[in-house]
1. In this structure, is residue 160 touching a helix residue (DSSP H, G or I) at 6+ places or on another chain (Cβ under 8 Å), in contact (Cβ under 8 Å) with a residue 24 or more places away in the chain and buried (at least 24 other Cβ atoms within 10 Å of the Cβ)?
2. So which residues in the stretch 314-323 are under 13 Å from residue 282 (Cβ atoms) and out of contact with any helix residue (DSSP H, G or I) (no Cβ under 6 Å at 6 or more places or on another chain), if there are any at all?
3. Just the residues that are part of a helix (DSSP H, G or I) and more than 16 Å from residue 257 (Cα to Cα), please, taken from the stretch 235-244.
4. Right, residue 55: at pLDDT 90 or above and surrounded by fewer than 19 Cβ atoms within 10 Å (Cβ to Cβ) or not?
5. What is the residue count in the stretch 282-295 for residues that are more than 12 Å from residue 324 (Cβ to Cβ) and not in a loop (DSSP other than H, G, I, E, B)?
6. Within the stretch 296-385, considering only helices (runs of 4 or more DSSP H) that don't extend past its boundaries, which have at least 2 residues that are surrounded by fewer than 18 Cβ atoms within 10 Å (Cβ to Cβ)?
7. Residue by residue through the stretch 189-207, note down the ones that are buried (at least 16 other Cβ atoms within 10 Å of the Cβ) and part of a helix (DSSP H, G or I).
């Protein structure tokens, strides 16, 4: 019994020591992962040659002399980096930098084709695939073909456009065999990045044909749900061609997706299948989808149903709605005038509707509409004042601009002041000095720049006429 009690403290100390060592190892892993992620991010974001070469030197050193923990952190960071990083590394690996170690001193050179692969770890094969020597790259491609995962797939896609035909052929064969859901997005990302190269002609189409097979539906869904926008757009387009989306999926994506290209692709397909969905798509968050919805409306759609598109916050939607009216011989300006009068009479109306109608009238009206728009300039809602100032600045005669807009130069809303001075730039010689001084002393840089342009135009005009400014 006494021996057991004496053994327990030592055993507890040993357990605490092991636990502390495990915590230290975990902390070192986290620190290494953060360092490699920072180096990869710096290289791909700045795209400076010195950053890319520095990362390449670190990768070569880690592949040749690094610990397993270091190599694992480097592989993880490369796997999470954008596809553009591999193309950058490949570009700068061709010509060694004078200030960095030579590749021969920082790598374990793979054996020539036919021999055993010298580097059993993934990082070594990846670094060898970037080697200037084509024989080394070919051996690396053979080694990568036996490894699974996103990073070997991306490296195989990069070598599939290699300048050496033998390397490219072997890499293409390995690439077309990679159809796992976790590998396909990485390979497609690289293929999209190198798609403009002459040697990449037809490669993406061939890979797309492989993915179009019925057994590859999981890979297609992985593409359509990927975080990288170009990869996701490719996946959504492929899924649409394969009929993977039902109408509910199309409507949900068109209304709520975060990527505008995916929204537009799904809206186009939905309207092809069911044009009656145009009414629901008018309330989509994307302007491109709303434009498609307006164009899909029937030619005899009532003008009252076009009020919301005519007052849309996006110019492309307003233009499409006006084109609907032009096509049937109905002047959009008449509809705008009627709706502006109706909206202005509602004291509790939606300010966005009145502001959109005023903006649209300013785009297709004439000088006679200034009388209808001028009462909106002192509106208590900044959105309405901003739209009215923009419309008056476009339609008013030069002699009317200063009397109508100069009182708004000191407006508390920066957008209103910006529209005022943008309109007053049409008549720089008529702008009073006090109004110009207000613009030069406002806190908004855009307003100050417009005021300075007006002052410069005034000075140039005075210099030509030989007069002196007031």
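The values are calculated or read from the model by the stated rules, or taken from the named source; none is laboratory data. From a predicted model like this one, the values you see are computed outputs, not experimental measurements. Because the Cβ atoms are built from the backbone with ideal geometry, glycine has one as well, and the counts that use them run over all protein chains shown.
1. Yes.
2. Selection gives nothing.
3. Passing the criteria: 238, 241.
4. It is false that residue 55 is at pLDDT 90 or above and surrounded by fewer than 19 Cβ atoms within 10 Å (Cβ to Cβ).
5. Result for the stretch 282-295: 5.
6. 315-327, 332-344, 351-364
7. Result: 189, 190, 191, 192, 193, 200, 203, 204, 207.
The rows are residues; the columns are (1) surrounded by fewer than 24 Cβ atoms within 10 Å (Cβ to Cβ); (2) in a loop (DSSP other than H, G, I, E, B).
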| site | (1), (2) |
| --- | --- |
| 127 | no, no |
| 131 | yes, yes |
| 137 | no, no |
| 142 | yes, no |
| 147 | yes, yes |
| 151 | yes, no |
| 154 | no, no |
